[in-house]
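The values are calculated or read from the model by the stated rules, or taken from the named source; none is laboratory data. The structure presented is a predicted model; accordingly, all values stated were derived computationally and were not measured. Using ideal geometry, Cβ is built from the backbone for each residue, glycine included, and neighbour counts are taken over all protein chains shown.
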Amino acid sequence: MDTCTETTRYLVIQDHTSEYPEPITFEKGAPLSVGEKYEGPEGWDNWFFCESPGRKGGWVPAQIIERVEGDAGRAREDYTARELNVQQGDVLLGSRTLNGWVWCEQFGGSESGWVPLACLREASR
């Protein structure tokens with residue numbers, strides 16, 4: 001299964017800095033225009049570039065998109081493509097894994113966002 005709901009403690013083993021300072025964000029039910037599928041060397045499957053009226057475009061996991069017709073879709077849930085900037089040695093709490101990325105919170109901090117799974121290693125408790 002590609003999604004986890006348990007909280008997992010991770011150690012950052014490689015720095016990650018977001019290349020998208022203004023991530024796409026939308027609410028459940030928002031109309032989406034579904035564009036190209038991500039193709040890259042990282043092996044991140046099932047990400048599509050989407051746009052929503054009045055929002056900047058961004059990458060959205062296929063699990064969030066309800067296809068309506070052609071390239072038209074609708075958001076299955078609230079979503080943000082916000083990435084978390086992390087440095088090697090940081091400790092994070094991950095709550096959801098989708099398509100090679102993990103939604104994480106800083107341990108003891110207030111920041112949260114997506115981090116590539118390849119930058120993380122499960123930490124012992």
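Looking only at the stretch 51-95, residues that are charged (D, E, K, R), touching a residue at least 40 places away in the same chain (Cβ under 8 Å), surrounded by fewer than 16 Cβ atoms within 10 Å (Cβ to Cβ) and touching a Ser or Thr at 6+ places or on another chain (Cβ under 9 Å) come to 1 in all. Within this structure, Gly35 fails the test of being part of a loop (DSSP other than H, G, I, E, B) and either exposed (fewer than 13 other Cβ atoms within 10 Å of the Cβ) or not assigned by TED's automatic domain parsing to the domain that holds Val91 (or both).
Within the stretch 71-90, being under 16 Å from Ser52 (Cβ atoms) and assigned to a loop (DSSP other than H, G, I, E, B) holds for Asp71, Arg76, Glu77, Asp78, Ala81, Arg82. State the number of residues belonging to the stretch 1-32 that are over 21 Å from Gly94 (Cβ atoms) and part of a strand (DSSP E or B). Qualifying residue count for the region: 3.
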